[in-house]
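**Student:** One structure, as structure tokens, below. Some questions next.
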Amino acid sequence: MKKQFGILLFSLILIVCMTTAISAASMPRLVDGADLLTDSEEITLLSMLDEISERQMLDVVIVTTNTLEGKSPMAYADDFYDYNGYGFGASYDGVLLLVSMEDRDWWISTCGYGITAFTDYGIDCLADRFLSDLGSGYHADAFEIFAEGCDEYITMARNGKPFDIGAEPFDASGAMMIAVVIGLIAAFIVTASMKGQLKSVRQQSAGSYLKQDSMRITDSRDLYLYRNVSRVRRQTESSGGGSSTHTSSSGRSHGGGGGKF
């Protein structure tokens, strides 16, 4: 009898522990209220969000809406997260991306361990990855980039190095650019050396090769061929790193950041 009671007690404790660890969300991790995705895109993205959330033990949520119902993007995102049961464990660990089509707002709300994993600087960098696609109407691509970035950020945080100023992952494109520059410098040195060996070549002006009065310019125009645009990452107020927090209407602490797209 005592043995059966012990087994029953152990089972109850195990169930309580599992319930505490599992997200108790009453809504799916993808809520496409603005109908930005096709049915197949919704299925693929929801599966992706569920897999990342359950593996990382941190809810990764995407919500779209046509109206903020008079709230600020921050308040709407925080309330949607809090009042729909998202979050793993006692600290409600998770991150939510809100996209509102009303005034083209986006907001990332973090809670619990999500505040640690998604620093202010990290949120700014993550937004740089998906905002171009979001603004161009490639919503499914933008949301997948967001989800993949979340997976990367959470992994970095679990390994003791949250994505923050001075702790960014290795950038292969940057290394490639350095290699290209080094190659160009080497090519310039070789070319200059070969040019110096051409003793028989004498520098002359273009006029030496023209026949007198053989060419007359009757019209001239300036043609606009291309433009070069340079982008500089905007600096956030939290330039010292880490996450700034605020208290939502439910009384929970949230981090986050957002803007327009």
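**Student:** Quickly run through segment 38-49 and pick out the residues that are in a helix (DSSP H, G or I) and over 13 Å from CYS150 (Cβ atoms).
**Tutor:** Initial filter on segment 38-49 (in a helix (DSSP H, G or I)): 39-49.
Scanning segment 38-49 gives ASP39, SER40, GLU41, GLU42, ILE43, THR44, LEU46, SER47.
**Student:** Moving on to the next point. Which residues, taken from segment 128-148, are in contact with a Leu (Cβ under 9 Å, 6 or more places away or on another chain) and either under 16 Å from GLY258 (Cα atoms) or among the aliphatic types (A, V, I, L, M) (or both)?
**Tutor:** Going residue by residue through segment 128-148, those that are in contact with a Leu (Cβ under 9 Å, 6 or more places away or on another chain) are 130, 137, 139-147.
Result: PHE130, ALA140, ALA142, PHE143, ILE145, PHE146, ALA147.
**Student:** How do the pairs read when you match residues in segment 90-107 that are on the phi < 0 side of the Ramachandran plot with residues anywhere that are among the polar types (S, T, N, Q) and not in a strand (DSSP E or B), using Cβ under 6 Å and keeping only pairs 6 or more apart or on different chains?
**Tutor:** From residues that are on the phi < 0 side of the Ramachandran plot, the pairs are MET101/ASN66; GLU102/THR67.
**Student:** Against the condition buried (at least 19 other Cβ atoms within 10 Å of the Cβ), aliphatic (A, V, I, L, M) and within 10 Å of the chain's Cα centre (by Cα), how does ALA157 come out, does it pass? Full working, then the answer.
**Tutor:** Values: buried (at least 19 other Cβ atoms within 10 Å of the Cβ): yes; aliphatic (A, V, I, L, M): yes; within 10 Å of the chain's Cα centre (by Cα): no.
Taking the combined requirement at face value, the residue does not satisfy it.
**Student:** Now a separate question. State whether the residues of segment 9-28 include one that is of a type outside the set (Phe, Trp, Tyr) and at pLDDT 95 or above. Working first, answer last.
**Tutor:** Restricting attention to segment 9-28, the residues satisfying the condition of being of a type outside the set (Phe, Trp, Tyr) are 9, 11-28.
Filter once more, keeping what is at pLDDT 95 or above: 28.
Scanning segment 9-28 turns up at least one residue that is of a type outside the set (Phe, Trp, Tyr) and at pLDDT 95 or above.
**Student:** If you don't mind, another one. Which of the strands (runs of 3 or more DSSP E) found entirely inside segment 57-114 contain at least 2 residues meeting this: closer than 18 Å to SER244 by Cα, hydrophobic (A, V, I, L, M, F, W, C) and modelled with pLDDT of 95 or more? Steps first, please.
**Tutor:** Values: elements: 59-65, 94-100, 105-111.
Here the list reads 94-100, 105-111.
The values are calculated or read from the model by the stated rules, or taken from the named source; none is laboratory data. Just so it is clear, the model here is predicted, and its values are computed rather than measured. Glycine gets a Cβ as well: all are built from the backbone with ideal geometry, and neighbour counts include every protein chain shown.
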